[in-house]
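Notes to accompany the following structure.
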Amino acid sequence: MKKLITFLLAFLVLMVSESFAKNNSYQNPENPDTLPVRGFEIVVPRPSGVDSFVTFIKKELIPRHVNTLVLRVDYSYQFKSHPELIDSFALSEKDVKKIVRACKQGDVKIIPQINLLGHQSWANRLGKLLSVYPQFDETPWVAMPVKYEWPNADNLYCKSYCPLVPGIHKIIFDLIDEICGVFETNAFHAGMDEVFYIGEDKCPRCSGHDPAQLFADEVRRIHDHLAESGKQLWIWGDRLLDGKTTGLGEWEASMNNTYRAIDLIPKDVVICDWHYERPDQTAVYFAMKGFNVISCPFNDANAGVAQVSDMYKFRRSSTPEMSGRFRGIMQTIWSRNDFFLKEFYGEDSLKAGDKNSSSGCFKEVFSAINKN
């Protein structure tokens, strides 16, 4: 009898302990050994390259278990709401639907991107928004050069629009709604990286305003518009990092005081945290601030694979509250769509087999993801 009582007591203690562990254990409600976001980001193809890109989605992205495709559209779509903003080589609705159907076959979520606030020009070419609506320019006194060089006296990298100019948001929101509709998605990427012009002294509208507040207010405007229809906002994270304190500098972080906006924007904005030459672990900072974060490599395979390892480590070793905020990895591509495909398939002899190219990094990164 005594042995039976001892056994029953031990059994009871075991059951209570397992129940307590189940309800109070150091665990993530998601599986920390998987990455919720396994992403790929690239500019949309030209119309002549749609079929090749669709083949790439089916034969390369889906078999690698890519589940998120961010497409930089900007003005390369035949907008019905604002046809004056249609850029050259613009996709038709029929072209877009080919891409949408291919992604649906592999449960790949599409997130279209239009660069907002910054990146309104490139090199010596003014972007479509400011060329059609020059009154939106934050720095109209800065002329576009015939030949672009960096550095330059105007500190011109890319133009910005002024976030306080009347009438701009009606146009922007029309474009967002249309592009999200045609891509059949509930998320939108607003870019907002590398904003060098903001709160300029000579701007009659935003001169004297806190750059952090200006940046945060623009994020919130876009966020709130998307939220009205249940959509999610994604942005790049560099403007929310202090370039001086971290040593990250003016490209991967902010040297014009926008970084304080991190405490002023909604916490459900998804942060795409890009670092290309080193696997800087700023994802931890974003997660500690309450944001969902995705690490984004480019063309350094060693850095990219380290980011994959870090992301798994963060998910596995963090508290339950933190673990789920480390959402995954997104490979970024910064060449023309068709140029990337040529590189990927070895048609670019200069980069064929080069691990430290965008295609080489992509292959190594997703090999590392799928090994875990």
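The values are calculated or read from the model by the stated rules, or taken from the named source; none is laboratory data. Just so you know, these numbers come straight off a predicted model, no measurement behind them. Neighbour counts run over all protein chains shown; Cβ positions are idealised from the backbone, glycine included.
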*Restricting segment 77-91 to residues that are over 17 Å from residue 180 (Cα atoms) and in a loop (DSSP other than H, G, I, E, B), which is modelled with the lowest pLDDT?*
88
_So, residue 113, is that one under 30 Å from residue 197 (Cβ atoms) and assigned to a strand (DSSP E or B) or not?_
yes
*Are there any pairs with C-beta distances below 6 angstrom linking a residue in segment 206-219 that is over 14 Å from residue 262 (Cα atoms) to a residue that is at pLDDT 95 or above and among the acidic types (Asp, Glu), with the two at least 6 apart or on different chains, and if so which?*
207/201
_Can you report the number of residues in segment 51-76 which are in contact (Cβ under 8 Å) with a residue 40 or more places away in the chain, closer than 28 Å to residue 366 by Cβ and either in contact with a Leu (Cβ under 8 Å, 6 or more places away or on another chain) or in a loop (DSSP other than H, G, I, E, B) (or both)?_
13
*Do any residues in segment 126-147 that are over 25 Å from residue 77 (Cα atoms) and in contact (Cβ under 8 Å) with a residue 60 or more places away in the chain have Cβ atoms under 9 Å from those of residues that are loosely packed, with under 12 Cβ neighbours inside 10 Å and among the hydroxyl-bearing types (Ser, Thr, Tyr), where the two are at least six apart or on different chains, and which pairs are they?*
none
*Mind counting the residues in segment 122-142 that are aliphatic (A, V, I, L, M), assigned to a strand (DSSP E or B) and in contact with a Ser or Thr (Cβ under 9 Å, 6 or more places away or on another chain)?*
0
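Those residues that are of a type in the set (Gly, Ala, Ser) and under 27 Å from residue 193 (Cα atoms), I need them from segment 50-87; list them, please.
Hits for segment 50-87 are 76, 81.
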*Any chance you could count how many residues in segment 143-163 are assigned to a loop (DSSP other than H, G, I, E, B) and either surrounded by 17 or more Cβ atoms within 10 Å (Cβ to Cβ) or hydroxyl-bearing (Ser, Thr, Tyr) (or both)?*
8
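Among the residues of segment 250-260, is any of a type in the set (A, V, I, L, M) and in contact (Cβ under 8 Å) with a residue 24 or more places away in the chain?
Within segment 250-260, none of the residues are of a type in the set (A, V, I, L, M) and in contact (Cβ under 8 Å) with a residue 24 or more places away in the chain.
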*In segment 318-355, how many are more than 21 Å from residue 53 (Cα to Cα) and more than 21 Å from the chain's Cα centre (by Cα)?*
7
*Of 98, 147, which residue is at pLDDT 95 or above and either in contact with a Pro (Cβ under 9 Å, 6 or more places away or on another chain) or within 27 Å of residue 181 (Cβ to Cβ) (or both)?*
98
*Of the residues in segment 219-259, how many are buried (at least 19 other Cβ atoms within 10 Å of the Cβ) and β-branched (Val, Ile, Thr)?*
4
